[in-house]
Each structure stands twice: as structure tokens, then as C-alpha cells.
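The values are calculated or read from the model by the stated rules, or taken from the named source; none is laboratory data. All values reported here derive from a predicted model rather than from experimental measurement. Note that each Cβ is placed from the backbone with ideal geometry, even for glycine, and that neighbours are counted across all protein chains shown. Heads up: the accessible areas ignore ligands, DNA and RNA and are worked out on the full protein's heavy atoms, side chains in. Shrake-Rupley method; radii C 1.70, N 1.55, O 1.52, S 1.80 Å.
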Amino acid sequence: MEYIIFAIIAYLLGSIPSALIVGKVGYNKDIRLHGSGNLGATNTFRVLGIKAGIIVTLADILKGTVATLIPLFMDADVYRLVIGLFAVLGHTYPIFAKFKGGKAVATSGGIILGINPLLFLIMILTFIISLYLSKYVSLSSIITGVVSIIASIFFHNIGLFIVITVLTIFVIYRHWDNLKRIKNKTEPKITWM
Ligand code: G3P
């Protein structure tokens, strides 16, 4: 029974639409009506600037990390990972924002931070290098997912490997339109790096 309660709490936590809240409260702007329309950190940077972008990035990461801490007394990582997945589900399909949320990247990273900070560091480095080379946030998010699958093998944690694989497939699915835009050369590149 407690698993169900933890999963619901994690889903509700993930559903907190930080990008929407920061936009509306701090800037009187609904970012769903601007930029890519995505309720995520990238679109927040794009529409509201660096300060708001950093706040939303940290908040979205934190949702995943806190979710993995909910079932702390259950020692196996696998329970914490699965509860974390519900936070990603909430972030992507938030009950508090008409089920239209982000693309699962930051909150997925937050899960990994809660379970394996070293792997999270590898992901951050991979993301920065990919972004430097490609200038595409979306592509860098996908590359980070794929590299993290490979990196997770070295930690000998089958639960971690499976959850990262599931998350990466989900991230690719959520970025399908971005991939199409990259193919058509209409995906915006970052200009500041
Ligand atoms: O994490 C989302 C990012 O990879 C792409 O966001 O707004 O450019 O579609 P966006």
C-alpha cells in the first residue's frame, strides 16, 4: 500500500509546473504561449532569461531527487528509482497544468542525482560537451541519455540500467519533434556557447 502512496506523492511533486509558476509569478508570462511552448527549463531560459532558467532547472532536478528520497527506509535502489519515475511522469503530464508539461530531462537527471551522484556528474559533463559541439539542447539531452545508459553498465546496478534505458527512450519520444526540426534544420541552436 505504501508504494501506491509514495507513487502518488511523487507524481504530485513532479506535477508542480515550476516553469509555469516562475513565468506567471515572476514575469507575468505564460511560457506555454512563447518559444517552443514547452514547460521546461530550456524554454524558460529562452523566454524568460538566465535567472528564471536556472531556478526552473534546479527546481525540476530537485523534483526528481526528492522523489527518490521518499521511500528512503526501503534500502533497495530499485524502489527509489521506480518512485522517481512517477515524478518524471508528473513533470511530463502534470495534473496541475492540463497534463502538458516538460520533456523529462531535468527531472530524470534529478532521479540519477538522488541515486548515483557520480553518474549525474558524468551526465552533466556529457551534456556540456554535447551542447558545446552541437549547440542543440534537445540533441544534447538525447546524447546524454544514451551515454548515461552506457555509463550505468559500469556501476553494476541492473535496476539503474533498466530505469535509465526506459527514461532515455522516453526522452527520445518526447523530443521527436525536435529531432524532425534538426533534420529540417529548423531547430533553434544556442548562440551563447
Ligand atoms: O529539455 C527540453 C529540451 O531538450 C528541448 O526543449 O523547448 O527546445 O523543445 P525545447
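Report the extension gain between Leu69 and Ile153 in nm, rounded to one decimal, defined as 0.36 nm multiplied by the number of residues separating them, less their alpha carbon distance.
27.9 nm
Along the chain, counting only chymotrypsin sites (Phe, Trp or Tyr not before Pro) with a DSSP assignment other than H, G, I, E or B and at most 11 other Cβ atoms inside a 10 Å radius, the longest segment between sites is 1-72. Say we join alpha carbon atoms closer than 10 Å with springs in a Gaussian network model of the chain; which of Ile150, Ile61, Ile112 then has the biggest fluctuation? For the chain, modelled as a Gaussian network with Cα springs under 10 Å, the answer is Ile150. Rg/Rh for the range 123-193 (Cα atoms only, Rh after Kirkwood) is 1.03. Within straight cross-link reach of Lys103, meaning Cα distance under 12 Å, which aspartates and glutamates are found once same-chain residues fewer than 8 apart are removed? Output for Lys103: Asp60, Asp177. For the pair the range 125-193 and the range 34-91, the centres of their Cα atoms are 16 angstrom apart. Each label point was placed 7 Å from the Cα along the Cα-to-Cβ direction; for Asp177 and Tyr27 their separation is 1.8 nm.
Label-to-label distance for Ile162 and Glu2 is 2.1 nm, based on points extended 7 Å past Cα in the beta-carbon direction. Remark: the chain carries a charge dipole of roughly 940 debye about the Cα centre, counting +1 on each Lys and Arg Cβ and -1 on each Asp and Glu Cβ. Within the listed set Ile122, Ile164, Ile142, the Gaussian network model of the chain (springs between alpha-carbon atoms below 10 Å) gives the highest mean-square fluctuation for Ile122. Within the chain, the longest run free of trypsin sites (Lys or Arg not before Pro) that sit in a DSSP loop with at most 12 other Cβ atoms within 10 Å is 1-97. Projected over all directions and averaged, the alpha-carbon convex hull of the chain occupies 10.5 nm².
Quick one: net charge around Thr107, please, counting Lys, Arg +1 and Asp, Glu -1 for every other residue with C-beta under 11 Å from its C-beta. Display every interim value, and only then the final one.
Numbers: positive: Lys63, Lys103; negative: Asp60.
Spelling it out: positives minus negatives among the neighbours equals +1.
Legend: calculated FRET efficiency, Tyr132 to His34, from the Cβ-Cβ distance at R0 = 22 Å, rounded to 0.05, equals 0.25. Across Gly53, Gly26, Gly14, mean-square fluctuation computed from a Gaussian network of the chain (C-alpha pairs under 10 Å connected) peaks at Gly26. Computed over protein heavy atoms with a 1.4 Å probe, the accessible surface of the chain works out to 53 Å² per residue.
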